[in-house]
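Taking it in order: structure first as structure tokens, then the write-up.
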Amino acid sequence: MSKNLWLMLGMLASIMFMPFAAQAADELVIYSGRSDKFVRPVIKVFEDKTGIKVTIHNAKAAELVNKMRVEGDRTKADLFISNDAGSLQIGSTYGLFEPLPQEVVAAIPSNYRAKDNTWIGLSARARVLVVNSNKAKKLGFVKSVLDLADPRLKGRLAITHSANGSFIAGVTVYQKAVGDDRTLAWLRGLAKNSEGKVFNKHSKIVNAVAEGKKDIGLVNHYYIYRHLDKEPQAPIQILIPDQGDNGMGVAWNVAGVALVKHSSKKDLAKKLLDFLVSKEGQKIFAEVNREYPVRADVAAASQIPPNGSYKVADVPMEALGEEREATLNLIDKAGLH
């Protein structure tokens with residue numbers, strides 16, 4: 001996807017989105033590239049504690065980045081929340097954000113934020129495999145994400161469409177770990193094994209695997225556990241790929257937040273930022289969403305594999321934005337939908 005196409009998407013987004021009504025003095029506006037179910041619980045607690053109203057304006061993260069570019073100093077956005085580090089870094093590269101206060105970034109490890117502190121991660125997720133428990137023995141040959149290209153999985157594999165932010169970020173990690181040629185071959189294998197049928201949501205992948213329509217799927221870890229929260233007896237299990245001495249490790253990504261440079265409510269925005277990185281805010285991401293808190297002193301939910309219990313790919317979060325265009329070009333070359 002070229003930079004011109006990104007800009008065109010932003011212009012279209014500005015046309016599609018309805019104008020905002022006049023903002024109250026104690027109201028914040030968030031442009032959010034995340035589903036409400038992942039953001040609203042923590043925002044609701046903040047509103048109840050402070051009396052500050054927060055309006056969440058949802059769209060695809062890429063559309064919102066370009067909407068802010070088009071709007072410039074006319075934007076109503078005070079904060080930008082993205083479902084992946086890539087979009088945050090792209091927005092930073094475009095100069096849309098300002099560095100966050102030291103008291104905010106101090107709570108977040110350096111590998112979960114921009115080098116210039118223009119964005120921080122709020123919660124982390126792992127790219128793992130969901131497996132139908134009844135088919136697990138027949139899937140013993142799958143040790144790596146790269147094994148999803150094995151012809152034995154033809155028609156048995158579930159993946160998201162290639163425009164999904166988590167899918168793109170994962171591909172970037174694999175490019176950095178094993179190189180373009182091997183990643184391209186893998187992507188072409190995915191195209192064959194998915195037989196042109198892709199899913200628009202990770203939750204639908206988990207459902208398909210649980211129902212036995214697919215044997216294995218590539219998803220963010222929390223979708224497995226959110227499904228099990230609702231259906232504890234569902235025949236699904238997690239497979240953590242790419243472990244051992246020769247494994248590249250699991251691809252990680254963060255959802256995060258940035259302070260919009262042209263916000264007129266920066267003092268209020270900083271209050272929300274303080275809450276999002278607080279132990280209370282982080283615990284909500286952990287317990288409600290089954291995501292990994294980015295604060296080291298807040299534990300993950302007991303249902304998910306503990307942070308540090310498995311090998312993670314050594315790829316900095318910033319690379320997910322810096323390498324985005326190269327990744328998109330490789331995906332296009334592979335012919336994925």
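The values are calculated or read from the model by the stated rules, or taken from the named source; none is laboratory data. Keep in mind the model is a prediction, meaning the values are calculated, not measured. Please note: Cβ atoms are built from the backbone with ideal geometry, for glycine as well, and neighbour counts cover all protein chains shown.
Quick look at the values:
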quantity: D215 being over 30 Å from K49 (Cβ atoms), out of contact with any strand residue (DSSP E or B) (no Cβ under 8 Å at 6 or more places or on another chain) and of a type in the set (D, E); calculated: no
quantity: Residue check, V173 within 29 Å of V277 (Cβ to Cβ), surrounded by 24 or more Cβ atoms within 10 Å (Cβ to Cβ) and not assigned by TED's automatic domain parsing to the domain that holds L79; calculated: yes
quantity: Selection within the range 315-333 - closer than 25 Å to K192 by Cβ and surrounded by fewer than 18 Cβ atoms within 10 Å (Cβ to Cβ); calculated: A326, N329, D332, K333
quantity: Any chance Y292 is over 30 Å from T50 (Cα atoms) and not charged (D, E, K, R); calculated: no
quantity: Residue count for the range 308-323, restricted to those that are outside any loop (DSSP other than H, G, I, E, B) and either of a type in the set (A, V, I, L, M, F, W, C) or free of Cβ contacts under 8 Å to residues at least 12 places away in the same chain (or both); calculated: 3
quantity: Any chance D245 is assigned to a loop (DSSP other than H, G, I, E, B) and outside the structural domain of L218 (by TED's automatic domain parsing); calculated: no
quantity: Pick from the range 258-289, criterion aliphatic (A, V, I, L, M), farther than 17 Å from T50 by Cα and under 17 Å from the mean Cα position of the chain (by Cα), ranking: modelled with the highest pLDDT; calculated: A258
quantity: Some residue of the range 71-80 being assigned to a loop (DSSP other than H, G, I, E, B), closer than 21 Å to P316 by Cβ and not assigned by TED's automatic domain parsing to the domain that holds K204; calculated: no
